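What follows is a set of notes on a single structure, which appears directly below.
The values are calculated or read from the model by the stated rules, or taken from the named source; none is laboratory data. Since we're looking at a predicted model, the values are computed, not measured. Methodologically, a virtual Cβ is constructed for each residue, glycine included, from the backbone with ideal geometry; neighbour enumeration extends over all protein chains shown.
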Amino acid sequence: MLVIGDYATGKTSLIKRYTEGCFTPNYKLTIGVDFALKSVPQEGSEDVSLQLWDIAGHERFGCMTRVYYKYAIAAVIVYDMSRPATFDAVLTWLEDLNNKVCLANGERVPVVLVGNKCDSYEGPDVSEKMEAFTRQHGLVGWFPTSAKDNTNVDAAFECLLQNILQVADRQVVNTNDADTVVVQTQNQKDAGRNTGQSTSSNSRKGGNVGSKVDKKKKWLRCQI
Ligand SMILES: Nc1nc2c(ncn2[C@@H]2O[C@H](COP(=O)(O)OP(=O)(O)OP(=O)(O)O)[C@@H](O)[C@H]2O)c(=O)[nH]1
Ligand SMILES: [Mg+2]
């Protein structure tokens, strides 16, 4: 899961709150990329091992995003509710993401939009506006969050995680490889059935695309 958005919007703080349960008021900019892992218990099934990629928001690191996006299957886009310019940049981040990565079936990766620092926001209620924005751009949801006060942080990550798991549940089929399963859409499954061929990978302009779940690691992988 990628966490992207303008610099100082609180990406690292949100990840820290979600994975370690703490908050630090000092700003230490992320250089390039950072990682965090979290094991998320699931009712009635094994824990999900979530890998969070904390992408530097500062422009000077922008040239590297294609490399970091490569294995992403979902993203959180963060803006700062008290800095409107960071919301204006959301569509640029979304476009950059969609230009560089997609799911195995060619669909866009699911995105949750997060308005962070709601603890220091004093403007009007923007819920309706943000819900309309979310619908308009095909995002999974919008959450006003505070890494400082621990508002909606779990909810935002959990919403995206459940969306990924639902997609995987619908689309996973077994391959001959004992350790991997391939994520497919219903259309791809139907196409495979009609032609009698396996659709373990598919092609699109620009290269082969295949998304796998490693059964041992319980981790979804998307190749571009
Ligand atoms: N009031 C308030 N401050 C926050 C919140 N989240 C983060 N901050 C502060 O905002 C500053 C930037 O936070 P970071 O998490 O480092 O921001 P970032 O998005 O990772 O920044 P880059 O790594 O440069 O892209 C820090 O001083 C944090 O303490 C929040 O929810 N509320
Ligand atoms: Mg950071």
Scan Ala104, Ala89 and give me the residue that is surrounded by 16 or more Cβ atoms within 10 Å (Cβ to Cβ) and either modelled with pLDDT under 95 or of a type in the set (Asp, Glu) (or both). Ala104
Region 2-24 residues that are free of Cβ contacts under 8 Å to residues at least 60 places away in the same chain, paired with ones that are near ligand 1 (Cβ under 6 Å from one of its atoms) and assigned to a helix (DSSP H, G or I) (beta carbon under 9 Å, 6 or more apart): Thr24/Ser13
Among the residues of region 8-42, write down those that are more than 10 Å from ligand 2 (Cβ to nearest atom), surrounded by 10 or more Cβ atoms within 10 Å (Cβ to Cβ) and among the polar types (S, T, N, Q). Thr19, Thr24, Ser39, Gln42
Report, ordered by the first and then the second residue, all pairs with beta carbons closer than 6 Å, sequence separation of six or more or different chains, a first member in region 40-65 that is over 26 Å from Leu29 (Cα atoms), and a second member that is among the acidic types (Asp, Glu) and away from ligand 1 (no atom under 15 Å from the Cβ). Pro41/Asp47
When you go through Pro144, Pro124 one by one, which is the residue that is touching a helix residue (DSSP H, G or I) at 6+ places or on another chain (Cβ under 8 Å) and over 25 Å from Gly62 (Cβ atoms)? Pro144
I'd like the full set of residues that are within 15 Å of ligand 2 (Cβ to nearest atom), of a type in the set (A, V, I, L, M, F, W, C) and surrounded by fewer than 16 Cβ atoms within 10 Å (Cβ to Cβ), limited to region 43-86. Met64
Considering only residues that are among the charged types (D, E, K, R) and within 16 Å of ligand 2 (Cβ to nearest atom), which ones fall in region 124-170? Lys148
